Amino acid sequence: MLLTEKEVKPEELAGKSGKVTIRFEYENTDKQTVDVDGKEVEVFTPFVMMSGMILDGDKFSNVDISNGKVISDGGKLHRYGSWRFRD
């Protein structure tokens, strides 16, 4: 997690202001060895990942997301993103 481009621990964020960057990273490690035309081949299980968070609209503003959607319900900002993994 970054606060104004400096690495911070989540517990250090309370009471601070600035630009917050939160990055979710996922790694697909689920694979099997299968027979393809007589050859043993490792293939990864395809899956979809969705992450979400609800932010207090009184404390967070100018929220954006690179792969997803930000929705306001009047008091809270709902942030949702999805990613597709193949290999």
At R0 = 30 Å, FRET efficiency that the Cβ-Cβ distance of M1 and T33 yields, to 0.05: 0.20
Top of L55, L13, L77 by mean-square fluctuation, Gaussian network on the chain, Cα under 10 Å: L13
Qualifying GluC sites (Glu not before Pro) for the stretch 1-66 [loop in DSSP, other Cβ within 10 Å: at most 14]: E5, E25, E27
Solvent exposure of the stretch 1-86 as accessible area per residue, Å², 1.4 Å probe: 83 Å²
Carbon + sulfur, % of accessible area of the stretch 9-87 - ligands and nucleic acids excluded, 1.4 Å: 49 percent
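Please go through the residue pairs K31/K69; K19/K69; K19/K76; K16/K59; K19/K59 and name each one whose alpha carbons sit more than 21 Å apart in this structure. Walk me through the numbers before you get to the answer.
On the way: K31/K69 30 Å; K19/K69 19 Å; K19/K76 18 Å; K16/K59 10 Å; K19/K59 12 Å.
Among K31/K69; K19/K69; K19/K76; K16/K59; K19/K59, the Cα-Cα distance tops 21 Å for K31/K69.
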Low-density loop positions, trypsin sites (Lys or Arg not before Pro), the chain - DSSP coil, at most 16 other Cβ in 10 Å: K16, K19, R23, K59, R86
The chain, dipole about Cα centre (Lys/Arg Cβ +1, Asp/Glu Cβ -1), debye to the nearest 20: 460 debye
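The values are calculated or read from the model by the stated rules, or taken from the named source; none is laboratory data. Since we're looking at a predicted model, the values are computed, not measured. Because the Cβ atoms are built from the backbone with ideal geometry, glycine has one as well, and the counts that use them run over all protein chains shown. For the accessible areas, the whole protein counts, side chains as well, though only heavy atoms, and no ligand, DNA or RNA atoms are used. Shrake-Rupley method; radii C 1.70, N 1.55, O 1.52, S 1.80 Å.
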